[in-house]
Amino acid sequence: MLFAQSDATAEVAKAVGRQVAQPDYASLLFVFMLATFIGIGVIMRVSRLLHTPLMSLTNAISAIAVVGAILVVGNEEHSTGIRILGGVALFASMTNIVSGFLITDRMLKMFKSPGTGGKR
């Protein structure tokens, strides 16, 4: 649906004689760097007790990134470079999700009492 709309928009732009605007990569890179610094600043100030809920939230955000990366990788209209970046994003997001679940599971085992099967 999303790609069908962008295709229709590109065809209408060609029919009218207008060029389709190219993405401003410098602005996108600036937003990415700004988000990185803000994210590092937020994570550094979070209490250790809140790291598990924060990790769950980042897993949810990574799930959104996985969906976006699958859409980018699966669309043949994108260039090879963009599709490779989508593959890298897919791999990084899946690594974040799996490692987040493993670390959360390990942390939850630390809170189990010895009688319920947990190790202390």
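The values are calculated or read from the model by the stated rules, or taken from the named source; none is laboratory data. As the structure is a computational prediction, the values presented were derived from the model and not from experiment. Every residue, glycine as well, gets a Cβ built from its backbone with ideal geometry; the counts of neighbours run over all protein chains shown. Only protein heavy atoms, including side chains, enter the accessible area calculation; ligands, DNA and RNA are left aside. Shrake-Rupley method; radii C 1.70, N 1.55, O 1.52, S 1.80 Å.
Out of I64, I40, report the one residue that is farther than 14 Å from N96 by Cβ and open to solvent by 70 Å² or more (accessible area, probe 1.4 Å). Please lay out each step first, then the result.
Values: I64 fails: farther than 14 Å from N96 by Cβ.
Only one candidate passes the filter, namely I40.
Does L102 fit the bill of being open to solvent by 70 Å² or more (accessible area, probe 1.4 Å), within 22 Å of F32 (Cα to Cα) and out of contact with any helix residue (DSSP H, G or I) (no Cβ under 7 Å at 6 or more places or on another chain)? It is false that L102 is open to solvent by 70 Å² or more (accessible area, probe 1.4 Å), within 22 Å of F32 (Cα to Cα) and out of contact with any helix residue (DSSP H, G or I) (no Cβ under 7 Å at 6 or more places or on another chain). A Cβ distance below 9 Å, combined with a sequence gap of six or more or placement on separate chains, defines the contacts here; from segment 82-96, residues that are modelled with pLDDT under 90 reach residues that are open to solvent by 70 Å² or more (accessible area, probe 1.4 Å) in the pairs N96/I61.
Per the listing S47, S6, S56, the residue uniquely surrounded by 11 or more Cβ atoms within 10 Å (Cβ to Cβ), of a type in the set (S, T, Y) and modelled with pLDDT of 75 or more is S56. Residue pairs whose Cβ atoms lie under 9 Å apart, separated by 6 or more positions or on different chains, with the first residue in segment 65-80 and free of Cβ contacts under 8 Å to residues at least 12 places away in the same chain and more than 19 Å from F32 (Cβ to Cβ) and the second of a type outside the set (S, T, Y) and part of a helix (DSSP H, G or I), are G74/R83; G74/G86; E76/R83.
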